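Reviewing the structure listed below.
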Amino acid sequence: MEQAEPHVIREDIERWCGGNLIREPPFNQEFEGGDESQVQGSARVKKSESEWQNILPQDLFHVAREGGTEEPWTGCYVHCHENGRYHCVCCGADLFSSGEKFDSGTGWPSFSAPVVEENITTRPDTSQGAIRTELRCARCDAHLGHLFLDGPPPGRLRYCINSVCITLVPGSR
Ligand SMILES: [Zn+2]
């Protein structure tokens, strides 16, 4: 891989950190592969699709890297009420807390808010003939699910997440 230009790195970090750059890690070493920046103090993870395909199970690869959706009511966390934090299974980013999990009746794990908004990125998704908001992990760009506006008050947000993309780390919320 080519070495990333310094200004590209800086813009990237500022984007992820909402403009609140400034940490001074050894960029030159970390970026020599052109494959990492910073999200919430942890290194951003970038791999090629073939690299992901080699390390992820096929069902996870299909959802996380190809934007697929698991069948409703099939995911392991639909009915899960354990306390803990849900991390991105691809990269370990801290995404959701059991405290914000609620039963949406949709067949997918649903959350009213992420742990920190900076760890989730959104983008328009016009596939399947509908305008939806896609949710991705800010650290590794994995597809997670979609954002809907039919969640509980006061925010009314529903982060609809594929179970296969997250992993519960049991413990406190
Ligand atoms: Zn991730």
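Read the figures in this text as sums done on the coordinates, not as results from a lab. What you are looking at is a predicted structure, and each value in this text was computed from that prediction instead of being measured. No Cβ is skipped: glycine too gets one built from the backbone with ideal geometry, and neighbour counts run over all protein chains shown.
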Study note, to complete from the structure: In region 56-97, anything within 20 Å of residue 125 (Cα to Cα) and β-branched (Val, Ile, Thr) is listed as 63, 69
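Being at positive phi and either in contact with a His (Cβ under 8 Å, 6 or more places away or on another chain) or within 15 Å of the ligand (Cβ to nearest atom) (or both) is the filter here, so list the residues in region 117-141 that pass it.
Residues of region 117-141 that are at positive phi, as a first pass: 128-129, 141.
Selection gives 141 alone.
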Study note, to complete from the structure: Of the residues in region 84-107, those that are more than 16 Å from the ligand (Cβ to nearest atom) and not small (Gly, Ala, Ser) come to 100, 101, 102, 103, 106
**Study point:** Of all residues making up region 142-173, the number that are within 15 Å of the ligand (Cβ to nearest atom) and surrounded by fewer than 17 Cβ atoms within 10 Å (Cβ to Cβ)
**Key:** 1
**Study point:** Near pairs, Cβ below 7 angstrom, 6+ apart or cross-chain, from region 130-156 (free of Cβ contacts under 8 Å to residues at least 12 places away in the same chain) to any residue that is not in a strand (DSSP E or B) and not charged (D, E, K, R)
**Key:** 149/157; 156/149
Check your understanding: residue 69 is checked against (1) within 16 Å of the ligand (Cβ to nearest atom); (2) within 15 Å of the chain's Cα centre (by Cα); (3) surrounded by fewer than 19 Cβ atoms within 10 Å (Cβ to Cβ) and fails just one. What number does that condition carry?
Key -> (1)
